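Read-outs: derived from the displayed coordinates by stated rules, not from any lab. Just so you know, these numbers come straight off a predicted model, no measurement behind them. No Cβ is skipped: glycine too gets one built from the backbone with ideal geometry, and neighbour counts run over all protein chains shown.
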Amino acid sequence: MKPLRIYLADDHAILREGVRMILSQAPNCEVVGESGDGQTAMEQIESLKPDLAVLDISLPSMSGVEISRRLRKFHPDMKILILSRHDNPEYVDELLKQGIHAYVLKEDAGSDLLKAVEVIRKGETYLSPRITTQLMTGLEGKRQSKTMDPFKLLSNREREILKLIAEGKSNEKIGQSLWISAKTVKVHRANIMKKLDVHKVADLVKYAIKTGLVET
């Protein structure tokens, strides 16, 4: 089997040493270069043309996200493994859209890095289990938010204010009724419109009638 030529970019020298040690345990893997600086890493990757680039997200001078974007554009056959401490699903989602092949959390590198390399060899994508769980949770949350009745998103106070708005009360009158300032009512009104995705008072009135808050 042809050795997998790997380039490693991380700004922590001790971590790079640890990653090298882990990769040395993998059969037919060879670290052909490394750097702690993003710009240097990009230049050396261009020159060395490894099979796999292992990149940290937070690199000086050029982020791992930018390096990944450039590699996908100019070297689409090169494999990309992101090794990061960030477990934010937004980071992962953005990088997956770019076309990375693996995302491994640094704290899980000891158990996940070699697995990721083997999965990449097979032409598949690998994510640390915790990342997979968070992505699935995020997708489920988005699905539920799309199907949820917007009225259920309103607090009791917001429902009170919506009813009074629909009855034609001004911010000042609503504030006096609820013992809050007109400014606070204005903030609640804006939040109600945002949650219900409406932009006119007339639409608020229609919604209040539709949900039975006010009677026609």
Q.
List the residues, sorted by chain then number, that are 5 or more residues from Val31 or on another chain and whose placed amide H is less than 5 Å from its amide H.
A. Ile6
Q) So what is the relative contact order for the chain, in percent, with contacts set as C-alpha pairs under 8 Å and at least six apart? A) 13
(Q) What is the distance in Å between the Cα centroid of the range 187-213 and that of the range 28-103? (A) 47
Q: Quote the convex hull volume per residue of the range 4-141, based on C-alpha atoms, as a whole number of Å³.
A: 93
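Students often check this: by mean Cβ neighbours within 10 Å, which of 87-93, 101-107 ranks highest, and how do the rest follow? All intermediate terms of the calculation are to be shown ahead of the outcome.
Numbers: 87-93: 15.3, 101-107: 20.7.
Descending packing order for the listed peptides: 101-107, 87-93.
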**Q.** Rounded to whole Hz, the Karplus (6.51, -1.76, 1.60) HN-Hα couplings of the range 123-131, x for glycine and proline
**A.** x, 10, 10, 10, 10, 4, x, 5, 5
Q. Whole-Hz Karplus ³J(HN,Hα) for the range 51-59, in order, using 6.51 cos²θ - 1.76 cosθ + 1.60 and θ = phi - 60°, x for Gly and Pro?
A. 7, 9, 10, 9, 10, 7, 6, 8, 10
Q | 18 Å tail of the calculated P(r), the range 150-210, as % of Cα pairs | A | 23
**Q.** Pairs from Lys73/Lys195; Lys97/Lys152; Lys173/Lys195; Lys73/Lys194 whose Cα-Cα separation, in the structure shown, is over 28 Å
**A.** Lys73/Lys195; Lys97/Lys152; Lys73/Lys194
Q: Using a/c under 1.5 as the rounded threshold, could you call the range 84-126 rounded, prolate or oblate? The axes a ≥ b ≥ c are square roots of the C-alpha gyration tensor eigenvalues, and prolate needs a/b larger than b/c, oblate otherwise.
A: oblate
